[in-house]
1. Within the set of pairs 6 or more residues apart or between chains, which connect a residue that is at pLDDT 95 or above inside the stretch A:63-88 to a residue that is assigned to a helix (DSSP H, G or I) and of a type in the set (Lys, Arg) with Cβ atoms less than 9 Å apart?
2. What is the residue count in the stretch A:395-412 for residues that are more than 14 Å from A:GLY486 (Cβ to Cβ) and part of a helix (DSSP H, G or I)?
3. Which residue is surrounded by the fewest Cβ atoms within 10 Å (Cβ to Cβ), if the candidates are limited to the stretch B:41-51 and must be at the interface with another protein chain (Cβ under 9 Å from one of its Cβ atoms) and of a type in the set (A, V, I, L, M)?
4. Tell me, yes or no, whether the stretch A:531-548 has at least one residue that is closer than 24 Å to A:LYS261 by Cβ, within 14 Å of chain B (Cβ to nearest Cβ) and either at pLDDT 90 or above or part of a helix (DSSP H, G or I) (or both).
5. Can you spot a residue in the stretch A:238-255 that is β-branched (Val, Ile, Thr) and surrounded by fewer than 24 Cβ atoms within 10 Å (Cβ to Cβ)?
6. Condition first: surrounded by fewer than 24 Cβ atoms within 10 Å (Cβ to Cβ), in contact with a Leu (Cβ under 7 Å, 6 or more places away or on another chain) and not small (Gly, Ala, Ser). Now tell me which residues in the stretch A:115-127 satisfy that.
7. Could you go through the stretch A:209-216 and let me know if any residue there is among the aromatic types (Phe, Trp, Tyr) and touching a helix residue (DSSP H, G or I) at 6+ places or on another chain (Cβ under 6 Å).
8. Does any residue in the stretch A:256-285 that is more than 8 Å from chain B (Cβ to nearest Cβ) come within less than 8 Å, Cβ to Cβ, of a residue that is acidic (Asp, Glu) and assigned to a helix (DSSP H, G or I) six or more places away or on a different chain, and which pairs are these?
Amino acid sequence: MATTFAHRVCPDTGLKVCRNAEALIKANAVVAIVFLAIGGLFGLLVALTRWPAVHILPADLFYLALTAHGADILIFWIIFFEIAILYFASAVLLNCRLATPRFAWLAFALMLVGALMGNVAVLQGESSVMFTSYVPMQAAPHFYLGLILFAVGALIAVFVFFGTLVVAHQEKTYEGSIPLVTFGAVAAAIIAVYTIASGAIILIPTFLWSVGLIGEIDTLTYRVVWWGLGHSSQQINVAAHVAVWYAIAALTVGSKPLSEKVSRMAFLLYIAFLPIASAHHLLTDPGLSSEFKIFNTSYAIYLAVLASMIHGMSVPGAIEAAQRRNGFTQGVFGWLRNAPWGNPAFSGMFLSVVMFGFVGGISGVVLGTEQLNLLMHNTLYVTGHFHGTVAAGTTLAFMAITYLVIPLIFRRELILKRWCKWQPYLFGIGTFGISMLMMGAGTLGVSRRHWDMTFSDATLSFDYPPAAFLMMGLNGIFAVLATIGGIMFVVIVVGSVLAGKSRDAEAAKTSPIIFQGGGATIAGHGGEATLKLPGTVTLVTVFFISFVLYYFVNWKFLSEVWPLS
Amino acid sequence: MVDQDNSPQQGAPADGDDERVPPMQAILDNPFLLLFIGVAVPAVFYTIWGIMEIAAIPIAK
């Protein structure tokens, strides 16, 4: 039986909100956004430096900024926010208390200390080893120690999440299976365990090496194990932001998945096969066989790609089904035209779905194909790809749900409503441009991390095509656009939390922010029970045609740069 | 391949436990079994396989 615990009943969703979970969601979300702001500004400096006409930073500061940008965005922003999602998806959606809140606070403290320590180490200038921190480049010991503390904290938080699932199960606070959004969070948490374990296996000896207790770290082994952390950490994002897509679709238009069973199976494919995509970073490494490379990047990962395509069809399909049920039945795209585009939660989510699929997804499959990978391995194409997944996909999805978290969890009204409406579009267009232009420049050979694409101080000169310079200039402009979108987001969030009008129970009736019954939908079960979705079928057809064309264009390109006769 | 609409009450197993839970659902309902799968598969096919291949590289003379 359910035990009593300190909670409130959300007047908007009708869900029980455990007070401990609520406080921890707030703390993790706030700190996440602080690191997003810091990491985003470092990202702007990186983009302005790679803009040949601006070239704002000298080499040493460029690599410092690149390291800080990578760590703050790819690790600290994302994982702090994901921990907030885990607590929401467990304690709130399962109507139960959070397990071991003291351990959850310990986890938060360790993560915060670790993140601050990592940032201090980078800003001191002795740890400009970039996100990958490949050995034999050596950072200051407290850089590695910071990452280890952060990882330990995150692991504790993940097990608080699993503990909360056990509490909910034992206290019978839900019936049947856990809700789909919680199941997506389970997938994210499981991938996080593998990710953090990989990090511990490689970062602890690397820390000992940095303090002189170990003589050397094998570079090939480091790369294999480190990418179990580096790429899998971004796979946590994929599972988490797909869960967020389902959550926002339920809360904004009242949609259920097309088939809950199929969506769960897709998450199962993520759990089993998504982390092994790490191998695509090793496709040119000597010492690893083609069998290892092809199995991990092609055969098995295609099952994870299949899962993403299932979600990519299920989410817009569910929205179409819900919109048609809500009365928007005109034509093929009447449901889409009449979607709540002025609601930043919805617009951010939908842009995230589209850009993750078209930009991040398609480019990811191309990069994961061993032969095609040779066209753009370690070029700026890789950076373009993961800005399509992490910035345009994950970050935009997390921004979108923040527009619901502020009124539902912080109980504050959003300020600057007009800014809220435009922010997802500005950030979305900015990150879309960044992704496409970096991929374009990468296709022309521009290297992934070089400070100066003119090679002005190199002994042997090399000239990229003029189009590459044009693309890098445009990339800088889109980076400025994305930064403006990011600054707007931070101003809205900070302003709303500190100065937003308190949202009382009456506001839930007079100015509802979620679809009627959305709270029950997100915590419940069932599918839309229809496949009469002409709009989604059209969108998916466009996606597949784009996918196939782009895939084969790259094979054609490969045949031209690598003649066999 | 579409689900029937089953509310939480409808989707729950019968209280008498006489309704057999399908094996796949039993797997999906067990987060710790999923945790094992999610750690074991990449650990075997990526981490261990990769390290074994590197360890098998002959040392240069």
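1. Taking only residues 6 or more apart or on different chains, the pairs are A:ALA84/A:LYS26.
2. So the count comes out to 8.
3. Among those that are at the interface with another protein chain (Cβ under 9 Å from one of its Cβ atoms) and of a type in the set (A, V, I, L, M), it is B:ILE51.
4. There is at least one residue in the stretch A:531-548 that is closer than 24 Å to A:LYS261 by Cβ, within 14 Å of chain B (Cβ to nearest Cβ) and either at pLDDT 90 or above or part of a helix (DSSP H, G or I) (or both).
5. no
6. Within the stretch A:115-127, A:MET117 is the sole residue that qualifies.
7. No, the stretch A:209-216 contains no residue that is among the aromatic types (Phe, Trp, Tyr) and touching a helix residue (DSSP H, G or I) at 6+ places or on another chain (Cβ under 6 Å).
8. Correct list of pairs: A:LEU283/A:GLU370.
The values are calculated or read from the model by the stated rules, or taken from the named source; none is laboratory data. In this text, all values refer to a predicted model and were calculated from it rather than measured experimentally. Note that each Cβ is placed from the backbone with ideal geometry, even for glycine, and that neighbours are counted across all protein chains shown.
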